[in-house]
1. Given Cα pairs under 8 Å that are at least 6 residues apart, what percent is the relative contact order of region 1-45?
2. Take every Cα pair under 8 Å in the chain that's 6+ residues apart, average their separations, divide by the length, and report that relative contact order as a whole percent.
3. For the chain, divide the Cα radius of gyration by the Kirkwood radius and give the resulting Rg/Rh value with two decimals.
4. Per-residue counts of other Cβ atoms within 10 Å, averaged by peptide: what ranking do you get for 429-439, 362-372, highest first?
5. Starting from the alpha-carbon convex hull of region 145-275, give the projected area averaged over all orientations, in nm².
6. Please pull out the direction-averaged projected area of region 184-259, using the convex hull of its alpha-carbon atoms, in nm² to one decimal place.
7. What's the extension gain from D516 to K565 if we count 0.36 nm per residue and subtract their Cα-Cα distance?
8. Past the 23 angstrom mark, what percentage of all C-alpha to C-alpha distances in region 78-208 do you count?
Amino acid sequence: MELDEDIFSCILSHIAETRTLYLVLTALPPSHLLFPSALARLWQLPVYLDSYDSQVAAASQKVLDYLLEENAAPPLAESVRHLVVAVEQKSWCDVRLEIPAQVVALHERLPHLLRRTTNLESLEYHNFPGLDMKSEHVQALQNLRQFRRFAVDCALFSRDREIPASGGPYAVPGDLSAEYDTENWELEPFISTVGPKITSLDLRHVNQTMFTALIDRTGVFALCHNLEYLKMDITEGVWDWTGGGSPSMGAEPGFTFPFLGFPSVERFELIVCDKTLTGSARGPMDLVHSKLLTSLTIDVRHSIFWMAFETIKVFEALSPLDFPVLSFLEIKDHTRNTRRYYWESADNSLGWSREGRAYPGFVSSFLGAISTGALPNLATLWVDERVLLPRGISVQNLLAAAALPPSSSYEPINIVEWTRSLRATLAQLVSLRVGFGAIDDVDAGVILDLCEPEKLTQFGFEWKWSEYDRDEPISTGLLDQLSRFPRLTDVHILFPRPETYLPGLPDPDIDPRTLDDVASIFRCNGSISRVGIGNSLVWERHPSEPSEILIVSDASIPSNPGVPKFYHAGYLARDPSQEDISDNASPPRPDRGAEIEQLRDLLQRILT
């Protein structure tokens, strides 16, 4: 039976891994009837160029040659929709003093490419450390009618390692950042020309010097009526730290964050140091209009790598009445904890074992207002670690109204009010990632009892593997709980079985017990269509497969944009031989070399 082009295109639309698409394209000659459909799907995904090492830089140059081929009809560059460029180098040295030729070569050819990518919709520009965008790059973007999304590294490199351990003599706030902040991207040419038409802006590595430049342009930002999504990483540099002790990244809790001026931001994602949010103040939440937000993500990182500021007080200053249309709320509480990667051992020197931070005011006041009619649209709540659980109290103590032990929590606990708040919250959710720490099957039952079976479609959690034997199958108690939800489509276990490393491409070495766990979850509930274990390791239900399940993302590139954002949490696969595997916030730099070489070979086939 011949495969219809429309059906073939529909099948391809479910494939987000370029490796699979290249296999399809390699199997088809360019003259084949279905080849254009496969190629069209490939062009819908990002095109990568990189200068990180000589081999990938050479492949990127060949891709540029083919994209800019004058005799191609139509020009291949016109097919590019999403471009991800890394004009970066391996060395952390000052980029002003030493710039590899391969970095310069890619940087110089980009304006020509951008002028030819007439259908470009998004550009993701990486230059940390590397070369920033210049006015000639911006000029090339001005005439792109469909260009709407932009992401960029603001700082060109980091000087954090140069800051003395004590900061030197105590300084006036801002003096140390002025001394150690690096050169930044010159945003003026971009903001005043391309800025007003974009709908999405992602600013990475914003230091205080860059932030000051942003504040000076609030008048220009006020004209950016199309901007709906803003993501800001304000963890770069020491900001207003005055010295003394270990260098402390990010702003102090008393730092003033004025309104940036963007009039239409509806989705705000903030990457921020824990220290910045330790004051009972709105802080960086003043950067946007809360009343417009439909989606809010607060991604909390370490200000000092070896310690955590354990009490995050920003929610003491936030009124739920200021978020009348909020439907999506996420808190990523990044902690250093390597114990969960291992089974219990006589060797207790396995590294970090920190619990998550406390968020006073979040449950009792912010979510608590749901029972009185606030946050009526909140349907998605994704929190991790122990954001919802007071210290010293178990899930069963809290939610099952058992005897309440003394609490070491910063916040005085009224168990009745706390439980009432969580009951009202969980009952209205469609998607839930729970922040009760690691849970067992009894905990899962207590939590899910508060959810509405006819509403809940997604459930994510950290599983307490330590409560079970190494070779024990996933708990039937958990499976029984999951089976009660007829609309449940997605299940995500944030951390895999201890000591099961996920190496990624080309063939992930998935532990057989993990495969059994995944299969059991699918079998327990016919409505479940996806199961994830860790960050971006995802299976889908496929009846045509012998096992009836198919891995669709292998966790080699966390967080994989090809899978739902729901699975962009939990353990980030990294080589356990590395010195530090405790950082659960920063994924390893993606290795796009093989993908770029595959694109090079494909374009060569098309043109020759």
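Bear in mind these aren't lab numbers, they're just calculated from the coordinates by the rules spelled out. Computed from a prediction, not measured in an experiment: that's the story for all the values here. Ideal geometry is used to build each Cβ from the backbone, glycine not excepted, and the neighbour counts take in all protein chains shown.
1. Details: 26 pairs, mean separation 20.2, N = 45.
45 percent.
2. Working: 1295 pairs, mean separation 55.9, N = 608.
It rounds to 9 percent for the chain.
3. A ratio of 0.96.
4. Going by the mean number of other Cβ atoms within 10 Å, highest first, we get 429-439, 362-372.
5. Approximately 7.9 nm², given one-decimal rounding.
6. On the way: hull surface 21.5 nm².
So the Cα hull casts an average projection of 5.4 nm².
7. Gain in length upon complete extension: 15.2 nm.
8. Result for the distance tail: 38 percent.
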